[in-house]
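Engineer: Before anything else, here's the structure in question.
The values are calculated or read from the model by the stated rules, or taken from the named source; none is laboratory data. Since the structure is predicted, the reported quantities are computational estimates derived from the model, not experimental observations. Cβ placement follows ideal geometry from the backbone for every residue including glycine, while neighbour counts extend to all protein chains displayed.
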């Protein structure tokens, strides 16, 4: 109880600090100057953090790699920052996601390097505002940020607003309440930047399990508003019902307003589907989405409602990584925010499946970044490229792009492992085409039952009247025809592990579906080790 009180007390003070701070002037100019000085800024940050802290895990990695700070600086001058990062990555200066989380030890050159998640926090960065990751594979990671970090992130918001011509759009947020800070921080930012935030919708548990989070959220907004924030209080959606959001977007359009919805990918699909089901006109609405892969089927579902959709790329431990420009109308592609993060790609086999992925390795560059990360792998795949557009991002110098972004993961049960794009296509395209519904209405969920891992195919009632047996038979037949041979025999032998249920898809309080691990790789089935 005391910990919770202290936590939310700091958050309240942080919210008031942000509300009273002045936005930075000339964001494009500031971002360009940061991009031009990124190499010297990073080297200075490295000197003041990693190499000024005896026993720092990264300092030990550099030592075992036989690379001093002066050696690394010389490599940067000769090969560029990304070239130098690729070289030290090969020499052992990197961090896996599990190593950063502290779930596995760090071993380089046969030496164990002592570390904990706190080892990678930036000692230069102090702040009261705190956010927490979604925790899809853990309890989530907490990160404190200062006003300086918030002001820097606001500059990206200004850039996106100008690039997508959103200055006069009415803003609607569909975002989570505490313990996630996403909804509150978005509300604080809107008024400060002169944006018209009209409604904040949210998905939340009931009063029994989320009542204290609701109370803390309302208190936080009230205190921020005393400091002049002008933030909106959250409005709670009925369970598994996103039609109030679609209705409000249609109402805005009928009144002659242009509108912007900011949310996660899966809730965006649900809003678009609700608008089509009710025949509500939301044409011209702009959806900004993140939090999971924007697959082809999900993009198509959103666009079929008449809305346009633009992905952003954000990782809690790293911060904002990139955003799509106005010309990125296909795929899951963004411009990289090169002033604050450097990214290299490392081809490697994905866990269990053996499929090759382009693992993205992230390095934080600014002295205000909450974490000092060098070649940190977050289990995300992407293809690095070069932009040829003349957008706001490119004119600043953000010409590196990341395409085809997804998290490579797995669902494992009853001796078989499922991973990837083949399963996603089956869930989002072939099943809806055969039985009705849309992307997001068919969900494969891993859970424990009777001491055994079960895989359940869950179908939304929106798909219409369907036979669970017919769906199960179609699902397994598609798997068998896709793989063939001995793999198909294994799938068929374990078919009893696949259960089928009719009911609303599972969704967490932050609006994400529970089966988000099922994105990405070339699909495969194999016995789990």
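Engineer: Of the conditions (1) out of contact with any helix residue (DSSP H, G or I) (no Cβ under 8 Å at 6 or more places or on another chain); (2) more than 25 Å from residue 436 (Cα to Cα); (3) touching a residue at least 60 places away in the same chain (Cβ under 8 Å), residue 270 fails just one. Which one is it?
Structural biologist: Status for residue 270: all satisfied but (2).
Engineer: Take region 458-473 and flag every residue that is touching a residue at least 24 places away in the same chain (Cβ under 8 Å) and within 10 Å of residue 502 (Cβ to Cβ).
Structural biologist: Kept after step one, since they are touching a residue at least 24 places away in the same chain (Cβ under 8 Å), are these residues of region 458-473: 458-464, 466, 468-472.
Matches in region 458-473: 458, 459, 460, 461, 463, 466, 468, 471.
Engineer: On to the next question. If a residue has to be over 25 Å from residue 166 (Cα atoms) and outside any helix (DSSP H, G or I) to count, how many in region 222-243 make the cut?
Structural biologist: Of the residues in region 222-243, 7 are over 25 Å from residue 166 (Cα atoms) and outside any helix (DSSP H, G or I).
Engineer: Step by step: first the residues of region 103-129, then only those that are within 18 Å of residue 362 (Cβ to Cβ) and either without any contact (Cβ under 8 Å) to a residue 24 or more places away in the chain or part of a helix (DSSP H, G or I) (or both), then the one that is farthest from the chain's Cα centre (by Cα). Which residue is that?
Structural biologist: 119
Engineer: Do any residues in region 20-46 that are within 23 Å of residue 72 (Cα to Cα) have Cβ atoms under 6 Å from those of residues that are part of a helix (DSSP H, G or I), where the two are at least six apart or on different chains, and which pairs are they?
Structural biologist: Partner pairs satisfying both residue conditions: 39/76; 39/81; 43/73.
Engineer: Can you tell me which condition residue 258 does not meet? The list is (1) crowded, with 22+ Cβ neighbours inside 10 Å; (2) in contact (Cβ under 8 Å) with a residue 40 or more places away in the chain, and all the others hold.
Structural biologist: (1)
Engineer: Which of (1) buried (at least 22 other Cβ atoms within 10 Å of the Cβ); (2) in contact (Cβ under 8 Å) with a residue 40 or more places away in the chain; (3) in a loop (DSSP other than H, G, I, E, B) does residue 282 not meet, given it meets every other one?
Structural biologist: (2)
Engineer: Follow-up. So if I check each of 311, 349, 320, which one is farther than 26 Å from residue 256 by Cα, under 18 Å from the mean Cα position of the chain (by Cα) and not assigned by TED's automatic domain parsing to the domain that holds residue 439? Working first, answer last.
Structural biologist: Details: 311 fails: farther than 26 Å from residue 256 by Cα; 349 fails: under 18 Å from the mean Cα position of the chain (by Cα).
The match here is 320.
Engineer: Residue 424 passes all but one of (1) outside the structural domain of residue 163 (by TED's automatic domain parsing); (2) at pLDDT 80 or above; which number fails?
Structural biologist: Going through (1) outside the structural domain of residue 163 (by TED's automatic domain parsing); (2) at pLDDT 80 or above one by one, residue 424 breaks only (2).
Engineer: Conditions: (1) surrounded by 22 or more Cβ atoms within 10 Å (Cβ to Cβ); (2) in contact with a strand residue (DSSP E or B) (Cβ under 8 Å, 6 or more places away or on another chain); (3) assigned to a helix (DSSP H, G or I). Residue 246 meets all but one. Number of the miss?
Structural biologist: Among (1) surrounded by 22 or more Cβ atoms within 10 Å (Cβ to Cβ); (2) in contact with a strand residue (DSSP E or B) (Cβ under 8 Å, 6 or more places away or on another chain); (3) assigned to a helix (DSSP H, G or I), residue 246 violates only (2).
Engineer: Further question: So, in region 249-269, exactly how many residues are assigned to a helix (DSSP H, G or I) and either more than 26 Å from the chain's Cα centre (by Cα) or closer than 12 Å to residue 285 by Cα (or both)?
Structural biologist: Total satisfying the criteria: 7.
Engineer: Regarding residue 148, is this residue closer than 30 Å to residue 22 by Cβ and at pLDDT 80 or above? Reasoning before the result, please.
Structural biologist: Details: closer than 30 Å to residue 22 by Cβ: yes; at pLDDT 80 or above: yes.
Yes: the conditions hold for residue 148.
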